[in-house]
Structure formats: structure tokens, C-alpha cells
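What follows is a short report on a single structure.
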Amino acid sequence: MQEMNLIVAQDDEGLPIRRLALERLHMSYGQFKSAKFGGLLLLDGERVRADKRVKAGQQLVICVPQREGQLCKTSDITLQAAYEDDDILVIDKPAPLPSVAGRKRDAETLENVVYTYLGCPAGFLYRPVNRLDKGTSGLMVVAKHAHAQQFMQAQLHSERFIREYLAVCDGLPPARAGVIDLPIAKENAASIKREIRLDGKPARTHYQLVETGAGRSLLSLRLDTGRTHQIRVHLMAIGCPVTGDFLYGREHIALPNRFALHSSVLTADTPRHGRIHVQSPLPMELRRLL
């Protein structure tokens with residue numbers, strides 16, 4: 001039995017446990033489903049339902065049953081490890097590839113790729129620290145054991161865990177550099193889409209123009225907050241949507257099932273090997289857009 005722990009932050013007060021498990025603990029859908037039906041969701045030591053809403057300061061513990069046999073299918077995708085030690089992997093994720101498994105369990109996912117890369121170990125549990133959208137490429141951290149996952153996630157939303165992105169956008173930003181400070185909310189309960197709304201959660205994105213070409217801009221971006229779809233929503237709001245973003249802009253024939261957003265820099269503390277600074281260059285298919 002694997003325990004996953006989380007102290008509820010002030011920003012997460014009022015969220016249901018299901019959302020915390022998938023978005024903060026980065027559990028796969030299958031892991032959460034197993035814990036839910038096994039009655040293994042604990043809030044301050046008491047068993048609760050998946051739709052229970054939490055309060056700041058409460059302790060959430062989710063016990064994930066160990067699965068027997070082969071946990072997921074093997075993958076033919078070759079893993080690009082930008083950094084590796086005994087505790088973590090920093091992966092250069094291709095796009096389109098989901099970070100976690102969804103309802104279609106037969107679909108190719110990063111979980112399958114990591115499982116294969118590690119030699120298909122018995123008792124394998126997939127432990128992503130952060131997550132990228134299916135259509136986003138670049139750097140992402142996966143822990144090799146529970147302690148490493150907890151150590152890395154403790155700094156995830158702090159200045160110790162720095163992520164920078166590169167985005168190719170349609171059009172030009174209003175200035176060469178700036179800060180987009182606009183609150184983001186879910187469009188409605190049934191939608192995955194986000195929107196700028198006064199009653200949304202605070203969100204800040206720093207951007208800087210790197211170069212232009214073919215009517216597009218290459219922007220370097222750094223986030224003060226980690227809202228879902230934050231970069232995509234903020235760039236749409238300033239009239240500079242990410243190229244190929246089918247949800248907030250327009251699809252592009254040269255980018256099937258992905259968009260022009262890349263996680264390019266990751267700086268963080270590791271459990272036993274000090275601070276790391278990892279970089280990933282802009283993929284060639286995105287460079288060609290300029």
C-alpha cells in the first residue's frame with residue numbers, strides 16, 4: 001500500500017478531493033479510482049467521499065493499493081531523460097503525449113514510457129511531480145519513490161521550483177516584455193476550458209519577446225502561479241494566442257494534436273544531489289513556424 005499525503009493550501013480550500021488528487025498529487029485516473037472504491041480516501045484521519053470539499057490546513061491521505069503483475073503496457077517510444085539520479089527523472093516529454101492515463105487505458109501515455117524505461121519493474125507506481133498538457137512538450141519531473149515525490153512536490157509551488165516556457169504565438173504582444181495579471185476561472189462545471197473572470201483565482205505570467213518571424217512571436221514565459229491552462233489563457237487574453245492551440249486559438253496543419261508551447265527550463269532542489277538546472281531547446285517543428 002502506497003500513501004500519498006497533502007496538506008491543503010489556502011488556495012485549494014473548497015476544492016473536492018477528486019480534483020486535489022488529480023491536479024495536486026498528479027495521480028493517474030486509474031490510481032484514484034482504485035483508492036476511491038477501496039474506501040482509502042482519508043481527510044484528517046476520517047474516511048471521506050471523492051466529492052468531499054476540503055479546508056485549508058487539513059491533511060489529505062490517499063492510500064493507493066499495490067497492483068500485481070504488469071501494471072501497464074510497454075511502449076515503443078524512447079524516453080528522453082534530460083536528467084536522472086537515484087531519486088528522480090527529468091523527462092523531455094514529446095507532444096502529443098498525455099502525462100497521465102485517462103479513461104482510455106489502451107492509449108499511449110508517459111506512464112507507459114517511464115515503465116518501459118525503468119525495465120518494467122514489479123510493483124511499479126507512476127509518480128509524476130508536475131504535469132504537462134498532452135499538447136505541450138518539454139521538461140517534466142517524475143519521482144522514483146514516495147519520499148522523492150513528496151520532497152519535490154513540497155517545493156512545486158514555491159520559488160525553489162522554477163519553470164520557464166517558450167511559446168510560438170500568432171501575432172505580436174502589446175510590449176516587448178510585461179506581466180499578465182488576470183484571474184482565471186473554469187468556464188463551467190462541464191467544460192475543461194478556462195476563462196478570464198473577476199471571480200477567478202489570481203494568476204500572473206511574465207513574458208518577454210525573444211524574436212519574431214512569419215507574423216509570429218517567440219515568447220519566453222515564467223509563471224508566478226500554476227493555474228490550469230494559464231499560459232494559453234493569458235496569451236489569448238492579450239491577443240497573442242499560442243500557435244496551433246485548438247482550444248483558445250486556431251489549429252495549425254503543421255502541428256497535429258499539439259500546439260506551440262514547450263517547457264524549456266527547470267530549476268529545482270533534488271532530494272540528495274543539490275540544485276539542478278536543466279534546459280531543453282525549442283523543438284524543430286516549432287522553430288520552423290518562425
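Each reported figure results from applying straightforward, stated rules to the coordinates on display, with no laboratory input. Since the structure is predicted, the reported quantities are computational estimates derived from the model, not experimental observations. Ideal geometry is used to build each Cβ from the backbone, glycine not excepted, and the neighbour counts take in all protein chains shown.
Observations on the structure shown:
- 5 angstrom amide H check on residue 88, placed H, neighbours 5+ away: 144
- Sequence-separation-based contact order of the chain, relative, with Cα cut under 8 Å and 6+ spacing, percent: 16
- Amide proton proximity set for residue 93, modelled H, under 5 Å, gap of 5+: 138, 139, 140
- Ordering 147, 284, 125 by the projection of their Cα atoms onto the charge dipole of the chain, which places +1 on the Cβ of Lys and Arg and -1 on the Cβ of Asp and Glu, puts 125 at the extreme positive end.
- Using Cβ point charges alone (K and R +1, D and E -1), the dipole size of the chain about the Cα centre works out to roughly 620 debye.
- In this rough spin-label picture, where each label sits 7 Å from Cα along the Cβ direction, the residue 158-residue 29 distance is 3.4 nm.
- Total charge dipole magnitude, the range 162-263, about the Cα centre, Cβ charges on Lys, Arg, Asp, Glu only, Debye to nearest 20: 180
- Qualifying GluC sites (Glu not before Pro) for the range 165-265 [loop in DSSP, other Cβ within 10 Å: at most 12]: 187
- If R0 equals 41 Å, the separation of the Cβ atoms of residue 73 and residue 201 corresponds to a calculated FRET efficiency of about 0.65.
- Viscosity 1.306 mPa s, 10 °C: Kirkwood-radius Stokes-Einstein D of the chain over Cα pairs, µm²/s: 80
- Percent of beta bridges antiparallel (DSSP, the chain, rounded to nearest 5): 95
- Loop-resident sites, the range 111-168, for GluC sites (Glu not before Pro), counting at most 11 other Cβ within 10 Å (DSSP): 159
- Dipole of the range 2-64 computed with +1 at Lys/Arg Cβ and -1 at Asp/Glu Cβ about the Cα centre; of 8, 37, 63, farthest Cα towards the positive end is 37.
- Backbone phi angles across the range 86-93, fed through the Karplus curve with coefficients 6.51, -1.76 and 1.60 (θ = phi - 60°), yield HN-Hα couplings of 5, 10, 9, 10, 9, 9, 9, 6 Hz in residue order; Gly and Pro are listed as x.
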